[in-house]
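See structure below.
The values are calculated or read from the model by the stated rules, or taken from the named source; none is laboratory data. Source: prediction; values computed, not measured. Using ideal geometry, Cβ is built from the backbone for each residue, glycine included, and neighbour counts are taken over all protein chains shown. Note: accessible area is taken over every heavy atom of the protein model, side chains too, but ligands, DNA and RNA are not part of it. Shrake-Rupley method; radii C 1.70, N 1.55, O 1.52, S 1.80 Å.
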Amino acid sequence: MSKLRVGVIGLGEVAQVIHLPVIESLPDRYELAAVCDISPGLVKRVGDRYRVEHRYTDATEMIASATLDCVLVLNSDEYHAECTVAALDAGLDVLVEKPMCLSPREAEEIIAARDRSGKTVMVAYMRRFAPAFVEAVRRLPELGPIRYARVHDVIGENRLIVDQTAHVDRPDDVPQAAIDDKWARRAALVREALGDVPEEVGWTYGLLCGLGSHDLSAMRELLGRPQRVSAARMWRNGGYVVALLDYGDFMVTYETGVDDQLRFDAHLEVFGATASMRVQYDTPYVRHFPTTLQIEQTVGDSYERSVVRPHLKDPYTHELEYFHEVVTTGATPKTTPEDYVQDMELFVEIIRALEQP
């Protein structure tokens, strides 16, 4: 099996808890060849931990200097597009964490860079690689005509779970200028996407691009794209959102928010006339917590309930195995930049619905 030399851009929470350990667990597929973060201390400590020789505090320098096959773009959302385009132009394949970018212009630039380079860009929608979700897609026709569906994602702050189950190195040497640049860039990109909107609407857009992108992307793979957003409301400064999505012959309710409960409740539930199925996710920050497919159905006079757990392997591992496959075989990933653009368009539609009285 061909081994890919991978560079990781961004060494924060998700890299430390998930991506770096998964790469380490796949030695037949990946060699961790370079790491990069704007925190010099974090680069040193993570580099030492994983015995990585090539260490950088500038992503452009890493892309130009290191001998790599691919990169994982895991840094702050505002820099995803810049790093992805630079890597593609250097002839590298890219796995970029969701959201791929924050504005339509950035998406166009990524697609153009991919097309001129001929390399792969895959968006890291790990929930779509959970075995239970894949099984739900396969079995959805068994429900018959869909009558209703619900997309629910109300979770506690990730940090509540992470701090109980893992050690995360949170550096204190990030330059203030870098922090200021991040927030200025974010405000500019939100204006590009939405125009001049109240700050709380911008926060709502951020919630949709972040947590919401998982839910709405999985919904689209399972059910297709809704015809329109019939209504939407948000409250608590954009921290909670509810939307009504019109599929023509059925409706979907979407609800999301983040609170201080020490739990993770994310699921997609689809109802037919005599059966329903529910994909239930647990926190991805504790590896190998299983995603399950729960099926309820009426058969004759009996009501039956079953739970399917296809595999204990975590979705992130499946995702990185899949990325290796598409890069080494030249296949097209299911989570393409164009696929992400559909999500971004839906985020904007929800925001426009929020603005209606």
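Quick look at the values:
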| item | result |
| --- | --- |
| Meets criteria (touching an Asp or Glu at 6+ places or on another chain (Cβ under 9 Å) and within 23 Å of residue 125 (Cα to Cα)) for residue 276 | no |
| Breaking point among (1) within 16 Å of residue 119 (Cβ to Cβ); (2) touching a residue at least 40 places away in the same chain (Cβ under 8 Å); (3) open to solvent by 10 Å² or more (accessible area, probe 1.4 Å), for residue 95 | (3) |
| Checking residue 103 against (1) without any contact (Cβ under 8 Å) to a residue 24 or more places away in the chain; (2) under 21 Å from residue 186 (Cβ atoms), the condition it does not meet | (1) |
| Neighbours by Cβ (under 6 Å, 6+ apart or cross-chain): first from region 335-347, within 14 Å of residue 112 (Cβ to Cβ); second open to solvent by 10 Å² or more (accessible area, probe 1.4 Å) and assigned to a helix (DSSP H, G or I) | 337/111 |
| Cβ pairs under 8 Å, 6+ apart, first in region 121-143 and over 30 Å from residue 9 (Cα atoms) and in contact (Cβ under 8 Å) with a residue 24 or more places away in the chain, second of a type in the set (Asp, Glu) and part of a helix (DSSP H, G or I) | 137/221 |
| Top-ranked residue in region 218-239 [being touching an Asp or Glu at 6+ places or on another chain (Cβ under 8 Å) and not in a loop (DSSP other than H, G, I, E, B); ranked as farthest from residue 147 (Cα to Cα)] | 234 |
| Answer residue from region 235-256, given it is at negative phi and either modelled with pLDDT under 95 or of a type in the set (Ser, Thr, Tyr) (or both) and is surrounded by the fewest Cβ atoms within 10 Å (Cβ to Cβ) among those | 235 |
| Residue satisfying condition, being charged (D, E, K, R), surrounded by fewer than 19 Cβ atoms within 10 Å (Cβ to Cβ), out of contact with any strand residue (DSSP E or B) (no Cβ under 7 Å at 6 or more places or on another chain) and at pLDDT 95 or above, within set 48, 77, 37 | 48 |
| Residue within region 320-327 that is modelled with pLDDT under 95 and either within 28 Å of residue 92 (Cβ to Cβ) or touching a strand residue (DSSP E or B) at 6+ places or on another chain (Cβ under 6 Å) (or both) present | no |
| Answer from 18, 9, 63 - the residue that is crowded, with 21+ Cβ neighbours inside 10 Å, more than 17 Å from residue 320 (Cβ to Cβ) and at pLDDT 95 or above | 63 |
| Counted residues, region 143-181 - those being modelled with pLDDT of 95 or more, in a helix (DSSP H, G or I) and open to solvent by 80 Å² or more (accessible area, probe 1.4 Å) | 1 |
| Residues being among the acidic types (Asp, Glu) and open to solvent by 70 Å² or more (accessible area, probe 1.4 Å) - total across region 286-319 | 2 |
| Residue match in region 268-285 (condition: touching a Leu at 6+ places or on another chain (Cβ under 8 Å), open to solvent by less than 30 Å² (accessible area, probe 1.4 Å), within 20 Å of residue 218 (Cα to Cα) and in a loop (DSSP other than H, G, I, E, B)) | yes |
| Boolean, residue 125 is aromatic (Phe, Trp, Tyr) and surrounded by 23 or more Cβ atoms within 10 Å (Cβ to Cβ) | yes |
| Selection from region 6-31 of residues that are part of a helix (DSSP H, G or I) and within 21 Å of residue 159 (Cβ to Cβ) | 13, 14, 15, 16, 17, 18, 19, 20, 21, 22 |
| Residue count for region 75-95, restricted to those that are closer than 17 Å to residue 186 by Cβ and among the aliphatic types (A, V, I, L, M) | 1 |
| In region 112-122, residue nearest to the chain's Cα centre (by Cα) [restricted to those that are crowded, with 18+ Cβ neighbours inside 10 Å and not in a strand (DSSP E or B)] | 120 |
